[in-house]
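Comments concern the structure below.
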Amino acid sequence: MLPWLIKRILMLVPVFLAVSVVIFSILHFIPGDPIDNLLKIGSSPEARAEMEARYGLDRSLPVQYGIWLSNVLQGDLGTAIVARRPVADLIAQALPHSLRLGGLALLFSTVVGVTLGVVAALSRDRWSDRAIMGGVLVGSTMPSFWLGLILILVFSVSLGWFPVSGARGWQSLVLPVLTIGLGGTALVARITRVSMIEASGRDFVTLLHAKGLSPLRIQLRHVLRHALIPVVTILALRIGWILGGAVTVEVVFARPGLGTLLIKSLAQHDYPVVQACLLMLAMAVMLGTLMGDILQALMDPRVRAAMT
Amino acid sequence: MIAPLRAFRHPQGGLAGCWLILVIAAALAAPLLTPYAYDVQNLPQAYQPASARHWLGTDEFGRDLLTRLIYGARTSLSVSATAISISVLCGMVLGAAAAWFGGWLDRAVTMVVDLSWSFPEILIALILVAIIGPGTTGVMIAIAVAYIAQFTRLTRAQIMMLKGETFIEAARSLGAGNAHILFRHLLPNALAPVLVSAMLATGDAIILEATLGFFGLGAQPPVPSWGGMMSAGSALVFKAPWVIVFPGLAVAVTVVAINLYGDALITELDIRSRLRREA
Amino acid sequence: MSALLELQSVSVSIGKVALLDGIGLAVERGQILGLVGESGSGKSLTAMAAMGLLSLIGGRVTAGVVRFDGQDMAAMTEVQRRKLRGRRIGFVTQNPMTALDPVQRIGEQVDIVSRLHLGLSRADARARTLHLLTQLRIPEAATVAEAWPHQLSGGMKQRIVIAMALAGDPDLIIADEPTTALDVTVQAQIIQILGNLVRDRGVSLLLITHDMSVVAQVCDRVAVLYAGRVAEEGPVSPIFAAPAHPYTAALIGCIPQEGMAKGSLAGIPGAVPSAMTFPAGCRFHPRCPRASAACCASQPPILPRGEGRVACHHPEVAA
């Protein structure tokens, strides 16, 4: 498995390069010059050139990219133009908040989603299935920022159980995790249900029944194991999705994190920060697919066999 | 009877279809339905809860919420539908070309699509709006680009599947050319699944449009859009929650309706298996 | 003593479609009954009915009785039926390639049967598994038990499935086309293994197949199924010597004979009708060389003939 893992990680290198080119170049199409924000109105062209030179904005794009990439690889993400602090510091402040939020939301969606999916699949076409799938449909069609606002309205404003915003204590995490998690739950529950139903129809399940195993044992010990393989694959592919949810939800709950940082920097045209935020999200997506592949290999001996 | 009509025979599909017709009709006939203007401010009337005069209450500028909701449907529906149409056209061309010609073109398209597919649409759209600038045009293009990957992927899969079918082999052996087979045989057969998933994607696009609007990047005031109406955000939750609740409900109910109607349509067209993997 | 497995005019439907119509057959103790028919004739459905597993495919018994060892299966609770399956009735599926759980080791899949039904400990169950695998002439049983299903060949997998069927020490084995998906050389081995089981262990066997030559080789009795009805049933040798039903005759005609030129198989024109479009009268009449007006009009009753039974308006042996 180790050679495969190394090969798999090496395969991420070109993907990383491609993503970095895209992130770097896209940002240079954004209109609006951050230097304008820094200079006092009526500054001389010399002052402007000096400022551009300081941030390396006067070189050709490929050169800027080369410098940027080599700095990034050394852990230097540049200096935030507006905040005038190392970008790495800003990221280091924001990242733990986002990771905690995203991780808990992922955990919540997986546990609740798989449970709901299993219950729905086991009670297929009965009222509990219909109720769960109806709830799942409604859950997946609510814009996450709106769901967040409604949760604030109910649990913070009316009931006063949780704080409206901020990032102090575990109480402040409950509503944001719920907001992101419910969308993910809908996705997981839907895939779990479909793959459980599909796996129940496979030949080997008939034979398990013919061996006299109890239906519940067949569903939970055999069918669910198969159903989880696509769930893990799709969940891993959709890590970015959950982080995307985090972006809006952080803004709604006024929490520090990558999302808030990204939105703020986009508004301020602060290239280096936006680049770094996007790079972090891209890395999370790539790590997600890697984790998905590894989990899949752990769960399915056929995949392991194909790896050598 | 054609499938879109037959879908109305399903209880859920019928109900959902009626809601969609209602929303579209209301959006088209907006000026006839309401005595109020969507943009005239009336500050003394601000923050009124629902009443006989203002069925859904008024917003922070004293404008009638129902009026703005109906006019907002114009923006939200037209932006989403136009964006998805652009997406479908580009995606079908890219996907068909990739599947048909194969080789390096296919590999390149597949790589770009796979890459962008793992990024959330909201991020792609946010960055694009930042490049193009806020407003309905920017949002439309951003949404269109964000969904191209999905339709490229779907069209490619459909064409790949159809390529091996006997009737294509037959057409080819009769001496039909590339263009003939592609436009007369492959694309028409791939159309139903693509159009149905385009419809479902329009639902997602409405949510995306609302989210961009919530960030203040969509239609610029005073033109209402469902997302833009909520951009005052948590500040209003204390003071006038209905200003937040109703536009969101409009989004959620409409998207649920699109999904239910789409589901009935999928059953009627019998294409569920061909839409698999689009979880 | 009654037959081990007995179906008395059993009818089965899936949804509103009636697929089996008054099936009657019996597997005697220590004997092999061959159940023959083309695909679509209802063979597998009969097996599922005998196992009490129709609900898995959405089917149900609408009339008649399935008896195992004298007991009406419909009168049992689901838990009682579950104790029959695996313990007293072993099942061998059609396609060994898809019959095993791909993410569980071979050994565990066999062990569970004796752990569940015979109450053996893990260690005893494994010992029994290894013993069974060795008896089925699987080389290096211990290694195979630790293997994953995808690492084994089709023939090897089918032996594992047979081992699973035997692990509960059953009285009856139902084998649903156990060789269809296998290579010709392996087919003969599997049939031989199944034949030996009956001789050595006193197990009874319901062998479902579409291959009359297999029936001639190992079976004691044969039941021919056509479009959800029994066409002819009886001991093997008289039926092969003088088939009364034209369909039986045609099936026997399909067996390649020595000295026969390749490609001169007497195939049966047409195909089994689907359950939606069963013809009136005798369901075989559209394909039958002896069809008369009576065949189109009324369904022939199944009547005793010699030691067996036949359902045909013109059961005279064709010249």
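The values are calculated or read from the model by the stated rules, or taken from the named source; none is laboratory data. Keep in mind the model is a prediction, meaning the values are calculated, not measured. Methodologically, a virtual Cβ is constructed for each residue, glycine included, from the backbone with ideal geometry; neighbour enumeration extends over all protein chains shown. Please note that ligands, DNA and RNA were not included when accessible areas were found on the heavy atoms of the full protein model with its side chains. Shrake-Rupley method; radii C 1.70, N 1.55, O 1.52, S 1.80 Å.
Odds and ends about this structure:
- Residues (over 19 Å from residue A:12 (Cα atoms), open to solvent by less than 50 Å² (accessible area, probe 1.4 Å) and either more than 14 Å from chain C (Cβ to nearest Cβ) or free of Cβ contacts under 8 Å to residues at least 12 places away in the same chain (or both)) located in the stretch A:287-302: A:301
- Among the residues of the stretch A:163-197, those that are more than 9 Å from every other protein chain (Cβ to nearest Cβ) and either in contact with a strand residue (DSSP E or B) (Cβ under 7 Å, 6 or more places away or on another chain) or among the charged types (D, E, K, R) (or both) comprise A:168, A:193.
- Subset tally (residues that are of a type in the set (D, E, K, R) and at the interface with chain B (Cβ under 10 Å from one of its Cβ atoms)) for the stretch A:229-250: 1
- Restricted to the stretch C:144-156, and to residues there that are closer than 24 Å to residue C:176 by Cα and either within 11 Å of another protein chain (Cβ to nearest Cβ) or among the acidic types (Asp, Glu) (or both), the residue that is most open to solvent (accessible area, probe 1.4 Å) is C:151.
- Any chance residue B:170 is under 24 Å from residue B:258 (Cβ atoms) and in a helix (DSSP H, G or I): no
- Taken over the stretch A:210-228, the residue count meeting the criterion of being open to solvent by less than 20 Å² (accessible area, probe 1.4 Å) and facing another protein chain (nearest Cβ under 8 Å) is 6.
- Counted residues, the stretch B:225-242 - those being crowded, with 22+ Cβ neighbours inside 10 Å and more than 10 Å from chain A (Cβ to nearest Cβ): 3
- If the condition is being open to solvent by 40 Å² or more (accessible area, probe 1.4 Å), at pLDDT below 80 and either under 26 Å from residue A:83 (Cβ atoms) or within 14 Å of chain B (Cβ to nearest Cβ) (or both), then the stretch A:1-31 contributes A:25, A:26, A:28, A:29, A:31.
- Residue check, residue A:157 within 14 Å of chain B (Cβ to nearest Cβ) and either open to solvent by less than 50 Å² (accessible area, probe 1.4 Å) or assigned to a helix (DSSP H, G or I) (or both): yes
- Some residue of the stretch A:139-146 being open to solvent by 40 Å² or more (accessible area, probe 1.4 Å) and either touching a strand residue (DSSP E or B) at 6+ places or on another chain (Cβ under 7 Å) or outside any loop (DSSP other than H, G, I, E, B) (or both): yes
- Residue B:196 vs. criteria within 19 Å of the chain's Cα centre (by Cα), at the interface with chain A (Cβ under 10 Å from one of its Cβ atoms) and hydrophobic (A, V, I, L, M, F, W, C): no
- All positions within the stretch B:203-217 that are of a type in the set (Val, Ile, Thr) and surrounded by fewer than 24 Cβ atoms within 10 Å (Cβ to Cβ): none
- For the stretch C:96-130, the tally of residues that are of a type outside the set (S, T, N, Q) and more than 10 Å from chain A (Cβ to nearest Cβ) stands at 16.
- Residue pairs meeting the criteria (Cβ under 9 Å; at least 6 apart or on separate chains; first within 20 Å of residue C:281 (Cβ to Cβ) and among the aromatic types (Phe, Trp, Tyr), in the stretch C:228-257; second open to solvent by 10 Å² or more (accessible area, probe 1.4 Å) and at pLDDT below 85): C:247/C:268; C:247/C:287; C:247/C:288
- Among residues of the stretch C:70-95, those that are outside any strand (DSSP E or B), among the polar types (S, T, N, Q) and more than 9 Å from every other protein chain (Cβ to nearest Cβ), counted: 2
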